[in-house]
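Here the structure is laid out as structure tokens; the discussion comes afterwards.
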Amino acid sequence: MLNKIKRNPKIKWALIVLASLFTLFILFFASIYFGAWGELPSSTELKELKQNRATEVLASNGELIGKFYVFDRQPITYKELPTHLINALVATEDARFFEHDGIDNRSLLRVFFKSILLQDESAGGGSTISLQLAKNIYGRKDYGPLGIVVNKFQEAIIAKRLEDVYSKEDIIRLYFNTVPFSDNTFGIESAAMKFFGKHTSEINLEEAAVLVGTLKASHSYNPRIFPERSRLRRDVVLEQMGKYGYLTEAEVQEAKQRELVLNYKNYSHDKGLAPYFRAQVRKDVSKILDTLKNKDGKKFNIYRDGLSVHTTLNYKMQTLAEEALKEHLQDLQEQHEAAWGKAAPWLTNQQIVKDALKKTSAWKRLEKEGKNDSQIMAELNKPKPIELFDYDKVETRNVSTKDSVAHYLKFLNAGMLAVTPQTGAVQAWVGGIDFEYFQYDHVSQSKRQVGSTFKPFVYTAALENGIEPCEYFSAREVTYANGWTPSNSGSDEDDPHMNYNLKEALSKSMNTIAVKVLMETGIENVVNQAKAMGINSELPQVPSIALGTASLSLTELTEAYTPFVNEGKTSRAFYITKIEDGEGNILAEFKPEISKDRSISETNRKIMIEMMKETVNEGTATRLRTTYGLRNDIAGKTGTTQNNKDGWFVGITPNLLAVTWVGSDDHRIGFRNTYVGQGANSALPVFAKLMQKMNSESGFNEITQARFSPVSSEIKEMMDCDPEKRDGFFKRLFGGGDKDEPKEQEKEEKKKKKGFFKRLFGGKDKN
């Protein structure tokens, strides 16, 4: 035989070529094995596998609100994987999984020779679950023409090591925790939550088949984008399960008849529930993590370390609050645009539009290129396809950048914060009408004039400084320093010759009386009272502060109202209760921050609640009763700022405090008239709709059915006064009234007379 081979040169050269190829193969494989193409993980390293994990943000009941991630991945245990999910994977991806050692040698050789000799990069068939796991964990690198082969061999070596280190169950678990699904989703738990709104342990047979089916091509079989294609692929998976004995033929046919039903929940940064809240949580958690280190002495990474951030947010209330705000703002937007008509400032005021344009990246880019204003405007007037937001739909139109800016200027925006007043725990946080298009958070970032919502601080200070609830003040207009004459924007029923007690004046939100109460109490006393109740911003010490000319954030105003329902103590808004690492260890924990001292006496606190209940029952907030039919125990205060720039409403119940603001982001654009812009029309309905929705949910009974504690007979007696009384004939004829503030000239005359009698009879001013 040997002699025959020696005499036949063709056979001899064929054997030499085969031996050379085999030697090259061995050397090539050895070069990969020993790391010439890149170091491979050792068995020790594989034992300590740590994948990037998404940080979860959880509501108060543990329900997932959203995630922070580079790759959307949330690991789970093997016990959480349903049997039908495991069977679907094995039947479809690797029928011999429980029999081989991680590598199908015949398939691997086929891949090698097809890739090398035929340059067929699509050569497959040898990819076991273990091989796919190796690819999922370590990815693939570009090694040039031999890249596909090098990567395949690297994966084979890693797969063999994985099989040596882990059990088959562990490999299944690791695979499901790392495999990429559709929509940039990594891991079965994230996929189950995203596409079906369920934990992995809860998905049924058809849902499991859908998710396993997407593994062949995550985009092509994306059930959100291609539902019919995904359904057909699901049926293939079901047939594979029948082929390998995991399902009977009857079970396969029954499952194939069922419709593909998604419950898609997008946990992206821009979409999903509570995006403004999540953005704030991300900022806060990042700052907290900067002060902490893990067991290796390194800082935690919010996007990679799989932390759990527990919050106070009420998942259901947040959902209802977002619905309420969107429903009302959509209606209000129509009123707003109709009221302005063709005179709308976003159409007629070119300076407003130009100022907004200057803030765009397009303007800044052109400015860097050296273009002047007129050249930039010419460029930004050119039409092009631009995606435009509207409540009904988002559509792409052929408009200019200038037109786009004007389009967005027309939109009203809003903010709402609801807290448990006893603790400050945030229950709902809505920072705007749509986070994707309006990312400015009106809860935490914006400061606006608060209008008449400041008046309760004035009246509280008055009570604390000895003014009685039944003390009367004239509604007559008075001129103060700099010629400022506040007037009432109220109804024709408000008679300037009438005198009103505190409750009546507050419920009707009478400007003239609010300023007189402020002056009688003392501006400094009012400012000190407001600060004691939780306001930290600088407050202007001028008479107009009584009408809310101070600019406050929505959060700050909310906190300052908490003493009214928290025994006179201020509760600071808080929303993160604890942060845990991936193993459940507590990294940081937070408790309510409540002031130790009262800022209001218990008697005056209850008087103020009764006065603000009157605002709802008989005053400016009566539409809560008449229009929305609410019968809950509610106290409240409306607010409207000068020129109808801002609308406010503060809704107070025994166990929930909610504050809402509505207005335009550009301060120069207000409501056209008070009918549309008053707080009772612009802001109050958001609270009203939220309460309506909560009333229909028994889970909120602790809030909706709560009652304010009854007042004592002493307080009833203190507040038992005629609502109003008319000036006498001579007062109407010559002016003046109970607790009326004289004009500046009259005050000077009084000072002179007062000085004369002091000099004559002695004595001191009351301090």
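The values are calculated or read from the model by the stated rules, or taken from the named source; none is laboratory data. If you're wondering where the values come from, they're calculated on a predicted model, not measured in any experiment. Cβ coordinates were reconstructed from backbone atoms using ideal geometry, including for glycine residues, and neighbour counts include every protein chain displayed. Note: areas computed on protein heavy atoms with side chains; ligands, DNA, RNA excluded. Shrake-Rupley method; radii C 1.70, N 1.55, O 1.52, S 1.80 Å.
Packing-based ranking of 334-341, 616-623 yields 616-623, 334-341, ordered from highest to lowest mean Cβ neighbour count within 10 Å. The distance from the alpha carbon centre of the stretch 395-429 to that of the stretch 654-728 is 22 Å, rounded to a whole number.
Considering the stretch 501-553 at the alpha-carbon level, its Rg and Dmax are found to be 11.1, 30 Å.
Heavy-atom accessible area per residue, the stretch 481-636, 1.4 Å probe: how many Å²?
Numbers: 6180 Å² over 156 residues.
The answer is 40 Å² per residue.
What the phi angles of the stretch 594-611 give under the Karplus curve with 6.51, -1.76 and 1.60, with θ = phi - 60°, is a coupling list of 10, 4, 6, 9, 6, 9, 9, 5, 4, 5, 5, 4, 5, 4, 5, 4, 4, 5 Hz, glycine and proline written as x. A 1.4 Å probe run over the stretch 315-427, with the rest of the protein chains in place, finds 48 Å² accessible per residue. The translational diffusion coefficient of the stretch 154-214, from Stokes-Einstein at 25 °C and 0.890 mPa s with a Kirkwood hydrodynamic radius over alpha carbon pairs, comes to 195 µm²/s. Computed over the alpha-carbon pairs of the stretch 299-399, the distance histogram in 5 Å steps reads 2, 9, 10, 13, 14, 12, 11, 12, 9, 6, 2, 0 percent, short to long. Nonpolar atom fraction for the stretch 197-297, defined as the carbon and sulfur part of the 1.4 Å probe accessible area, stands at 47 percent.
Based on Cα contacts under 8 Å between residues 6+ apart, the stretch 226-326 shows a relative contact order of 14 percent.
The orientation-averaged projected area of the convex hull spanned by the Cα atoms of the stretch 543-631 comes to 9.8 nm². From the largest down, the stretch 610-703 spans 43, 25, 20 angstrom on the principal axes of its Cα atoms. Dimensions of the stretch 232-282 along the principal axes, based on C-alpha atoms and rounded to the nearest Å, stand at 52, 20, 14, largest first. Here is the P(r) of the stretch 617-667: all C-alpha pair distances, binned every 10 Å from 0, give 22, 49, 23, 5 in whole percents. Between the alpha-carbon centres of the stretch 280-294 and the stretch 163-222 there is a gap of 30 Å. Overall shape: prolate for the stretch 516-582, with the ratio a/c of the largest to smallest alpha carbon gyration tensor axis at 1.5 or above and a/b above b/c.
The loop-placed GluC sites (Glu not before Pro) in the stretch 358-390, going by DSSP, that have at most 12 neighbouring Cβ atoms within 10 Å of their Cβ come out as 369. Divide the volume of the convex hull around the Cα atoms of the stretch 354-403 by the residue count and you get 75 Å³ per residue.
For the stretch 472-595, what class follows from the C-alpha gyration tensor (a ≥ b ≥ c being the square roots of its eigenvalues): rounded when a/c is under 1.5, otherwise prolate if a/b is larger than b/c, else oblate? Verdict is prolate for the stretch 472-595. Largest first, the three principal axis extents of the alpha carbons in the stretch 599-644 are 33, 31, 13 Å in whole numbers. Taking all protein chains together, 441, 722 sort by accessible area into 722, 441, largest first [probe 1.4 Å].
Lys-Lys pairs in the stretch 166-273 that are eight or more residues apart or on separate chains and whose Cα atoms lie under 17 Å of each other come to 4.
Pairs spanning more than 29 Å between alpha-carbon atoms, out of 516/606; 67/410; 531/689: 67/410; 531/689. Compared with the rule-of-thumb size 2.2 N^0.38 Å for a compact globular protein, the stretch 304-349 has a Cα radius of gyration ratio of 2.01.
Distance from the Cα centroid of the stretch 532-564 to that of the stretch 71-101 is 58 Å (rounded to whole angstrom). Each Lys and Arg adds +1 at its Cβ and each Asp and Glu adds -1 at its Cβ; summed about the Cα centre, the stretch 366-443 shows a dipole of about 140 debye. Couplings 3J(HN,Hα) of the stretch 393-398, computed from phi: 6, 9, 9, 9, 10, 8 Hz, in residue order, whole Hz [Karplus 6.51 cos²θ - 1.76 cosθ + 1.60, θ = phi - 60°; x for Gly and Pro]. Accessible surface of the stretch 526-652, 1.4 Å probe: 41 percent of it comes from carbon and sulfur atoms.
Note on the stretch 319-373: with neighbouring protein chains present and a 1.4 Å probe, carbon and sulfur make up 48 percent of its accessible heavy-atom surface.
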